[in-house]
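The next block holds one structure in the form of C-alpha cells; read it before the comments.
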Amino acid sequence: MFAVSLQRRVLVRITVPSRTLGASTAETITMKRVFTLPDGGSAWGSVSVPLSVNLGEIGIMSPLADGEGIIFRGTPGSYDFAAHNAPREQVIVNLNAAVDITTTRDGMKRVEAGEAFFVEDVQGVGHVSKSVDAKPRHSLFLPVSKHSLLDIGCAFSDEPSRD
C-alpha cells in the first residue's frame, strides 16, 4: 500500500473514462455505503452527496469535506478477503476493476470500475470483499469521516440500493 499525505483542504479531481462516481442527478451524487447494524452485522445503504456549489458553465460540485489524505492501493486478481472491518471511515474509488462486497444483511453487490462507495463498518462482523474475474484492482482510499460528510449536507440511507 502506498500513501501520500495531503494537507487538510485539498480538492482531488478524479476522472475515470466512461464511468461516473455513482448514480448522479443534477443536484446530488448517490453512492453505495457499507455500515454496521445495531446487532453487529453489516448492511448496504447509500449516501447522497449534494452538488450545491455552482461553478457556472463548468458545472456544479459538492462543498469540500475535510479529509485526512489519499491512499493508492493495488490488490491482486486472487483477492478474496474474509469478513473484515474497514480500517477507517473512507470513500473508496475503484479505478480499473470491479469488486464484489458481501454484507450480512443484504448479500453481495458489485461495485464497478469507476464507482465510488463509502465504508463505515469499522466495528462488528464486517464485510467480505473479492476480486471480479480474477482482475487486479487499483483503487483510491479517501479517508473521510461520516461526520465530515454530514457537515457538507450528505444524507445517509440505511435502505439497500436497488443496484
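The values are calculated or read from the model by the stated rules, or taken from the named source; none is laboratory data. The model shown is predicted, which means the values in this text are computed figures rather than measured ones. Using ideal geometry, Cβ is built from the backbone for each residue, glycine included, and neighbour counts are taken over all protein chains shown.
Residue-wise test of (1) in contact (Cβ under 8 Å) with a residue 40 or more places away in the chain; (2) touching a Lys or Arg at 6+ places or on another chain (Cβ under 7 Å); (3) among the aliphatic types (A, V, I, L, M); (4) surrounded by 14 or more Cβ atoms within 10 Å (Cβ to Cβ).
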position	(1), (2), (3), (4)
Leu55	no, no, yes, no
Pro63	yes, no, no, no
Gly69	yes, no, no, yes
Phe72	yes, no, no, no
Gly77	yes, yes, no, no
Ala86	yes, no, yes, yes
Gln90	yes, no, no, yes
Ile101	yes, yes, yes, yes
Arg105	yes, no, no, yes
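Working carefully through the options Phe72, Phe117, Phe81, find the one that is at pLDDT 95 or above and under 22 Å from Thr30 (Cα atoms). Break it down stepwise before answering.
On the way: Phe72 fails: under 22 Å from Thr30 (Cα atoms); Phe81 fails: under 22 Å from Thr30 (Cα atoms).
After ruling out the rest, the residue left standing is Phe117.
Do we find that Pro38 is closer than 28 Å to Met108 by Cα, free of Cβ contacts under 8 Å to residues at least 12 places away in the same chain and not β-branched (Val, Ile, Thr) in this structure?
On the way: closer than 28 Å to Met108 by Cα: yes; free of Cβ contacts under 8 Å to residues at least 12 places away in the same chain: yes; not β-branched (Val, Ile, Thr): yes.
Yes, satisfied.
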Options Arg105, Arg110; residue that is in a loop (DSSP other than H, G, I, E, B) and closer than 18 Å to Ser46 by Cα: Arg105
When you check Ile152 against the structure, is it crowded, with 19+ Cβ neighbours inside 10 Å, in contact (Cβ under 8 Å) with a residue 40 or more places away in the chain and either under 21 Å from Thr28 (Cα atoms) or not hydroxyl-bearing (Ser, Thr, Tyr) (or both), yes or no? no
